[in-house]
Amino acid sequence: MMAYSGKFSPKNTNKYLGDPTNIWYRSLWERRVMVHLDDNPSVIEWSNEEIVIPYLSPIDNRWHRYFPDFFVRIQNKRGSSDAMILEVKPYSQVMPPHKRSKITKQYIREVATWGINEAKWQAALEYCKDRNWTFKVITEKDLGI
């Protein structure tokens, strides 16, 4: 049985931006993306948690650092390349939590998680817009799980 988190060893180390001996996945979904990026011939280069994006947290109103899961540069059909930042998240975290009649600790955690994710993703969208890149959140549905 494969561990839910661990070290990833790419076959195509020349495609990895950063230290290819120090790549860690925090979920099997992230590992699945890593395998795809490593194997896909359209992927020119990629990295994992190498980019730092500052964001203002709605929880404590302080600046924090967001390390998106992946940076990817792909060869497009026009012969040039496109760059993107990808974040892997459960589908349950990409939608705001449903309002509940009873406020529980779990609901408060869900609201906080949503607020932080929304702040991170807004910062990532602006970061990408400034560079003419794309930002996308990938869920288990995108991965066919």
task: Name the residues whose placed amide hydrogens come within less than 5 Å of the amide hydrogen of Val88, ignoring near sequence neighbours (fewer than 5 apart) on the same chain.
output: Asp69, Ile138
- prompt: What does the charge count near Val94 come to, summing +1 for each Lys or Arg and -1 for each Asp or Glu among other residues with Cβ under 15 Å from its Cβ?
  reply: -2
task: Go from 0 up to the bin containing the longest alpha carbon distance in segment 9-145, width 5 Å each, and give me the % of pairs per bin.
output: 2, 9, 17, 20, 19, 15, 9, 5, 3, 1, 0
field: Alpha-carbon centroid distance for the pair segment 98-145 / segment 1-47, whole angstrom
entry: 23 Å
Compactness index (Cα Rg / 2.2 N^0.38 Å), segment 1-87: 1.22
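Within the set of other residues whose C-beta is less than 12 Å from the C-beta of Leu125, count the net charge using Lys and Arg as +1 and Asp and Glu as -1. Each step should come with its number before you reach the end.
Values: positive: Lys120, Lys129, Arg131, Lys136; negative: Glu87, Glu118, Glu126, Asp130.
Result for the local shell: 0.
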statement: Once all protein chains are kept in place, Thr13 shows an accessible area at probe 1.4 Å, nearest 10 Å², of 70 Å²
field: Among Tyr127, Tyr66, Tyr107, residue whose mean-square fluctuation peaks in a GNM of the chain (springs only between Cα atoms under 10 Å)
entry: Tyr107
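Relative contact order of the chain, please, whole-number percent, based on alpha carbon pairs below 8 angstrom and at least 6 residues apart. Provide the component values of the computation, followed by the final result.
On the way: 217 pairs, mean separation 28.7, N = 145.
This gives 20 percent for the chain.
Work out how much length His36 to Asp130 would gain on full extension: take 0.36 nm times their residue separation and subtract the Cα-Cα distance, in nm to one decimal.
31.1 nm
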- line: Among segment 15-52, those whose backbone N falls under 17 Å of a label point 7 Å along Cα→Cβ from Gln75 are 15-16, 37-46
query: How would Lys136, Lys99, Lys11, Lys141 line up by accessible area, probe 1.4 Å, largest first?
result: Lys99, Lys11, Lys141, Lys136
field: Cross-link partners of Lys89 among lysines (Cα-Cα below 23 Å; sequence separation of 8 or more within a chain)
entry: Lys7, Lys99, Lys105, Lys120, Lys129, Lys136, Lys141
- prompt: Between Arg131, Arg73, Arg31, which gets the highest mean-square fluctuation from a Gaussian network model of the chain, Cα cutoff 10 Å?
  reply: Arg131
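Of Met84, Met95, Met34, which has the most accessible area and how do the rest follow, probe 1.4 Å? All intermediate terms of the calculation are to be shown ahead of the outcome.
Working: Met84 45, Met95 95, Met34 0 Å².
Order by accessible area, largest first: Met95, Met84, Met34.
When the accessible area of segment 44-143 is split by element with a 1.4 Å probe, what percent falls to carbon and sulfur? Numbers along the way, then the final one.
Values: 3280 of 6410 Å².
On segment 44-143, the fraction of accessible area on carbon and sulfur atoms equals 51 percent.
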message: Could you identify which residue out of Trp63, Trp29, Trp133 has the top mean-square fluctuation in a GNM of the chain using Cα springs shorter than 10 Å?
response: Trp63
task: Provide the per residue accessible area, probe 1.4 Å, for segment 49-145, rounded to a whole number of square angstrom.
output: 66 Å²
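The values are calculated or read from the model by the stated rules, or taken from the named source; none is laboratory data. A quick note: this is a predicted structure, and the numbers were derived from the prediction, not measured. Ideal geometry is used to build each Cβ from the backbone, glycine not excepted, and the neighbour counts take in all protein chains shown. Side chains included, ligands, DNA and RNA excluded: accessible areas come from the protein's heavy atoms. Shrake-Rupley method; radii C 1.70, N 1.55, O 1.52, S 1.80 Å.
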